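Student: Please find one structure pasted underneath; my questions will follow.
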Amino acid sequence: MLRIENLCKSYGKFRAVNDLNLHIPKGEIFGFVGPNGAGKTTTMRIICGLLDATSGKVYADGIDVIDRPKELKRKIGYMPDFFGVYDDLKVMEYLEFYASIYNIKGADSRKICQDLLELVDLTDKKDFYVDSLSRGMKQRLCLARSLVHNPELLILDEPASGMDPRARIEMKEILRTLKSMGKTILVSSHILPELAELCTAIGIIEKGRVVMSGTVDEITRKVYHTQTIRIKVIDRLEEAIRVLQEYPDIDGINPVGDNEVEASFNGDEVFMNALLVRLIQNNIPVTAFNQLDGNLEDIFMKVTATGEVEQ
Amino acid sequence: MSANTQKRYFRINPVLLKELKVRMRSWKAAILIGTYNFVLLLLTIFIMKLTMNNDIGAPTQATIFGTYAFLVAAQFGLITLIAPALTAGAISGEREKQTLDILLSTTLNHRSIITGKLFSSLSQIILLLVSSIPVFSIIFLYGGIGLVQLLQVYLFFILIAVTLGSIGIFFSTFIKKSTAANVLTYAVVVFLYLGTILISVFYVQLVIMPNYTNSQYEGTFWVFNLNPAVALISLVMDQFQEGGGRVFQGLTLTVQQGKLHLWHINAIFNAGLSVVLLFLSALKLNPVKRKWLGRGKK
């Protein structure tokens with residue numbers, strides 16, 4: 001859906017985006033992670049045709065952002081990190097104004113805007129002036145605004161920034177709904193655990209380059225080279241540890257409390273299955289056997305500290 | 001013409017529509033129209049009282065001319081004050097409110113944003129002009145002024161409003177802060193109204209006049225053609241077939257340059273200036289200029 005090739009953006013001698021490459025398949029929620037000034041917003045603005053790239057190509061659904069900007073803008077819905085609203089318009093009028101830009105008028109416009117207000121849970125606010133809405137509501141309204149022309153690709157720059165926990169959870173639910181509707185979403189956020197939970201893939205960007213990308217699991221493996229499983233037993237923990245020690249691929253065993261143990265290993269799901277079977281065959285009363293997700297914050301700190309670009 | 005093309009052809013600029021809705025329903029619009037007409041009415045009563053006290057019986061040609069010229073000048077002065085104020089914050093205001101990026105990320109054409117903003121301001125000025133017709137038509141009581149003359153003056157007003165509005169839009173696009181855009185817009189307006197006169201007078205006195213020691217310089221120095229106020233005087237004098245003649249060295253209002261009067265040249269200049277300023281504004285507003293500059297070509 002979105003393909004970025006060798007994208008560069010320079011401001012004088014400073015390179016905000018440096019040879020950035022990215023591919024986001026259709027229907028994916030892609031999390032854009034990076035420290036402040038890494039080039040996330042610059043990249044997003046170039047994708048939306050708000051900024052001129054120094055070099056490189058951006059294609060959305062095969063459409064070049066430079067050659068066919070108007071066509072591209074029909075496919076993209078953009079929500080900037082900082083945005084304002086027309087405080088002298090009412091909520092419904094605000095959406096209808098943007099609908100009219102895409103030549104959606106009359107009954108069609110009213111229907112679409114009502115549906116969108118329902119999606120973002122603002123139906124009861126439709127006759128309120130935009131200015132009277134809370135920050136979280138304005139964020140949701142802006143998201144609804146970006147959907148008014150039914151775009152295939154959503155570019156959301158820090159959509160949950162400044163929101164309280166409840167509003168963040170609601171925003172996450174809306175994004176999940178949008179994914180189920182088949183939208184492709186590129187979302188940047190500083191709240192990493194949320195991204196890990198929400199996104200099908202993430203890209204870590206630093207100094208204008210994507211230093212690592214893939215699913216959270218893939219990145220965890222790339223960063224730590226091992227995976228961790230946590231095993232919980234009713235009793236006989238020592239016996240369980242003895243079984244684990246028989247496997248040379250398990251390079252770390254760390255008891256956690258009286259009846260739990262964490263084992264880091266270098267292997268795949270087949271290995272994990274074999275290990276579980278072995279524990280059961282040894283009559284060890286296993287009650288839980290689960291793989292631990294990589295901690296995105298740790299991964300982020302590790303990757304951005306080394307600044308290595310994946311090969 | 002296909003249905004789609006027809007739909008596109010008759011499409012009203014969404015920015016214009018939104019601006020009109022917002023501007024016209026607020027109290028500000030009513031207050032502006034009320035104040036404008038109130039000031040104009042006071043001025044009209046003032047000039048009527050002044051002229052009627054002096055005239056016994058039918059008004060003289062001089063009285064009619066004086067009253068008409070005064071009303072035209074008053075209306076012109078008000079437009080000069082209002083037009084830049086309505087436009088100088090149009091784009092910079094969007095930038096300050098952080099709504100410009102969202103607007104630019106839509107399919108809306110950059111030219112549409114510029115023209116939408118200009119014409120919404122202009123429509124407010126036209127509304128002021130139309131609403132002032134009853135006050136202005138007092139001049140018909142005197143006779144001697146036809147509809148054609150009034151129409152000519154009103155069209156000139158609209159052209160001046162477009163020019164001043166374009167200057168406002170231009171600075172609003174190029175300057176980030178509305179306050180700075182307002183200051184620069186009024187600075188250019190002052191230059192057009194006063195600066196051109198000062199430059200002309202000094203140039204004529206210091207450079208041209210030394211060559212006319214034994215004769216009078218009967219021409220009009222070209223910089224005067226840029227001055228809207230001078231052009232308006234030229235138009236009103238033209239309507240009354242008043243001589244006007246040489247106001248001072250270097251400014252002779254009745255002299256035709258080719259077949260054009262001073263106000264003709266000024267109108268052409270204003271129209272040209274507006275087109276250039278609006279074009280540059282639209283160009284500046286377009287964030288992706290590679291196509292324009294040919295850099296995007298493979």
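Student: Got at least one residue in the stretch A:15-29 being surrounded by fewer than 18 Cβ atoms within 10 Å (Cβ to Cβ), within 14 Å of chain B (Cβ to nearest Cβ), out of contact with any Pro (no Cβ under 8 Å at 6 or more places or on another chain) and part of a strand (DSSP E or B)?
Tutor: no
Student: When you go through (1) buried (at least 21 other Cβ atoms within 10 Å of the Cβ); (2) within 14 Å of another protein chain (Cβ to nearest Cβ); (3) part of a helix (DSSP H, G or I) one by one for A:D131, which number turns out not to apply?
Tutor: It is condition (1) that A:D131 fails.
Student: Taking the stretch B:5-23 only, how many residues are assigned to a helix (DSSP H, G or I), modelled with pLDDT under 85 and more than 10 Å from every other protein chain (Cβ to nearest Cβ)? Don't jump to the end; show me each part of the working.
Tutor: Restricting attention to the stretch B:5-23, the residues satisfying the condition of being assigned to a helix (DSSP H, G or I) are B:5-9, B:14-23.
Next, from what is left, pick out any that are modelled with pLDDT under 85: B:5-9, B:23.
After this cut, where a residue has to be more than 10 Å from every other protein chain (Cβ to nearest Cβ) as well, the list is B:5-6, B:9.
Going through the stretch B:5-23 one residue at a time, the tally reaches 3.
Student: A further question follows. Check off (1) closer than 23 Å to A:L22 by Cα; (2) surrounded by fewer than 21 Cβ atoms within 10 Å (Cβ to Cβ) for A:T177 and give me the number that stays unchecked.
Tutor: Only one criterion in (1) closer than 23 Å to A:L22 by Cα; (2) surrounded by fewer than 21 Cβ atoms within 10 Å (Cβ to Cβ) is unmet by A:T177, namely (1).
Student: Let me ask another. It is to be established whether one or more residues within the stretch A:225-232 are at pLDDT 80 or above and out of contact with any strand residue (DSSP E or B) (no Cβ under 7 Å at 6 or more places or on another chain). Spell out how you get there, then give the answer.
Tutor: Of all residues in the stretch A:225-232, those at pLDDT 80 or above come to A:228-232.
Adding the requirement that they be out of contact with any strand residue (DSSP E or B) (no Cβ under 7 Å at 6 or more places or on another chain) leaves none.
No, the conditions are met nowhere in the stretch A:225-232.
Student: Of all residues in the stretch A:44-88, which are under 20 Å from the mean Cα position of the chain (by Cα), without any contact (Cβ under 8 Å) to a residue 24 or more places away in the chain and within 18 Å of A:I101 (Cα to Cα)?
Tutor: none
Student: Please work out if B:Q205 is more than 21 Å from the chain's Cα centre (by Cα), outside any loop (DSSP other than H, G, I, E, B) and modelled with pLDDT under 90.
Tutor: Numbers: more than 21 Å from the chain's Cα centre (by Cα): yes; outside any loop (DSSP other than H, G, I, E, B): yes; modelled with pLDDT under 90: yes.
Here the answer is yes, as B:Q205 does meet what is asked.
Student: Going through the stretch A:43-83 one residue at a time, which ones are hydroxyl-bearing (S, T, Y) and within 23 Å of A:L141 (Cα to Cα)? First the steps, then the outcome.
Tutor: Of the residues in the stretch A:43-83, the ones hydroxyl-bearing (S, T, Y) are A:43, A:54-55, A:59, A:78.
Scanning the stretch A:43-83 gives a single hit, A:Y78.
Student: For A:S109, are the conditions met, namely being more than 23 Å from A:P193 (Cα to Cα) and under 18 Å from the mean Cα position of the chain (by Cα)?
Tutor: Numbers: more than 23 Å from A:P193 (Cα to Cα): yes; under 18 Å from the mean Cα position of the chain (by Cα): no.
Spelling it out, it is not the case that A:S109 is more than 23 Å from A:P193 (Cα to Cα) and under 18 Å from the mean Cα position of the chain (by Cα).
Student: Please work out which residue is nearest to the other protein chains (Cβ to nearest Cβ), limiting yourself to the stretch A:52-104 and to residues that are of a type in the set (A, V, I, L, M) and part of a loop (DSSP other than H, G, I, E, B). Break it down into steps so the answer makes sense when it comes.
Tutor: Of the residues in the stretch A:52-104, the ones of a type in the set (A, V, I, L, M) are A:53, A:58, A:60, A:63, A:65-66, A:72, A:76, A:79, A:85, A:89, A:91-92, A:95, A:99, A:101, A:104.
Narrowing the set further to residues that are part of a loop (DSSP other than H, G, I, E, B) leaves A:53, A:65-66, A:85, A:89, A:104.
On the way: A:A53: 8, A:V65: 8, A:I66: 4, A:V85: 7, A:L89: 7, A:I104: 10 Å.
Checking each candidate, the answer is A:I66.
Student: Within the stretch A:253-263, can one find any residue that is part of a helix (DSSP H, G or I) and either within 30 Å of A:D164 (Cβ to Cβ) or in contact with a Leu (Cβ under 8 Å, 6 or more places away or on another chain) (or both)?
Tutor: Within the stretch A:253-263, the first condition is being part of a helix (DSSP H, G or I), and the residues that meet it are none.
No - not one qualifying residue is present in the stretch A:253-263.
Student: Would you be able to tell me the number of residues in the stretch A:234-252 that are closer than 17 Å to A:A274 by Cα and outside any helix (DSSP H, G or I)?
Tutor: So the count comes out to 6.
Student: Sort through A:P193, A:P165 and tell me the only one that's of a type outside the set (V, I, T), free of Cβ contacts under 8 Å to residues at least 60 places away in the same chain and over 26 Å from A:D61 (Cα atoms). Give the steps one after another, and end with the answer.
Tutor: Values: A:P193 fails: free of Cβ contacts under 8 Å to residues at least 60 places away in the same chain.
After ruling out the rest, the residue left standing is A:P165.
Student: Here is a follow-up. Take the stretch A:240-266 and flag every residue that is surrounded by fewer than 16 Cβ atoms within 10 Å (Cβ to Cβ) and touching a residue at least 40 places away in the same chain (Cβ under 8 Å).
Tutor: Once the filter is applied, which keeps residues that are surrounded by fewer than 16 Cβ atoms within 10 Å (Cβ to Cβ) and touching a residue at least 40 places away in the same chain (Cβ under 8 Å), the stretch A:240-266 yields only A:N266.
Student: Still on this structure, please answer the following. Please state which of the following conditions A:R3 fails to meet, knowing it meets all the rest: (1) in a strand (DSSP E or B); (2) touching a Phe, Trp or Tyr at 6+ places or on another chain (Cβ under 9 Å); (3) over 19 Å from A:R74 (Cβ atoms).
Tutor: Every condition holds for A:R3 apart from (3).
Student: Pairs please, first residue from the stretch B:29-52 and farther than 17 Å from B:A73 by Cα and surrounded by 12 or more Cβ atoms within 10 Å (Cβ to Cβ), second anywhere and basic (K, R) and modelled with pLDDT under 85, Cβ atoms under 8 Å, 6+ apart in sequence or on different chains.
Tutor: Once the first residue is farther than 17 Å from B:A73 by Cα and surrounded by 12 or more Cβ atoms within 10 Å (Cβ to Cβ) and sits in the stretch B:29-52, its partners that are basic (K, R) and modelled with pLDDT under 85 give B:A29/B:R23.
Student: Within the stretch B:103-135, how many residues turn out to be over 18 Å from the mean Cα position of the chain (by Cα) and either hydroxyl-bearing (S, T, Y) or surrounded by 23 or more Cβ atoms within 10 Å (Cβ to Cβ) (or both)?
Tutor: 5
Student: Now a separate question. In the set B:L151, B:L108, B:L122, which member is out of contact with any Phe, Trp or Tyr (no Cβ under 6 Å at 6 or more places or on another chain) and not in a helix (DSSP H, G or I)?
Tutor: Matching residue, one of B:L151, B:L108, B:L122: B:L108.
Student: Continuing with the same structure: Would you please name the residue that is farthest from A:R230 (Cα to Cα), looking only at residues in the stretch A:243-287 that are among the aliphatic types (A, V, I, L, M) and touching an Asp or Glu at 6+ places or on another chain (Cβ under 8 Å)?
Tutor: Start the filter on the stretch A:243-287 by keeping residues that are among the aliphatic types (A, V, I, L, M), which leaves A:243-244, A:250, A:253, A:256, A:261, A:263, A:270, A:272, A:274-277, A:279-280, A:284, A:286.
Then drop every residue that is not touching an Asp or Glu at 6+ places or on another chain (Cβ under 8 Å), which leaves A:253, A:256, A:284.
Working: A:I253: 10, A:V256: 9, A:I284: 15 Å.
If we take residues in the stretch A:243-287 being among the aliphatic types (A, V, I, L, M) and touching an Asp or Glu at 6+ places or on another chain (Cβ under 8 Å), then A:I284 is farthest from A:R230 (Cα to Cα).
Student: Here is a list of conditions, (1) within 12 Å of another protein chain (Cβ to nearest Cβ); (2) among the polar types (S, T, N, Q); (3) over 22 Å from B:L16 (Cα atoms), and A:T123 meets all of them except one; can you say which number that is?
Tutor: A:T123 satisfies all of (1) within 12 Å of another protein chain (Cβ to nearest Cβ); (2) among the polar types (S, T, N, Q); (3) over 22 Å from B:L16 (Cα atoms) except (1).
The values are calculated or read from the model by the stated rules, or taken from the named source; none is laboratory data. Computed from a prediction, not measured in an experiment: that's the story for all the values here. Note that we place each Cβ from the backbone using ideal geometry, even for glycine, and neighbour counts take in every protein chain shown.
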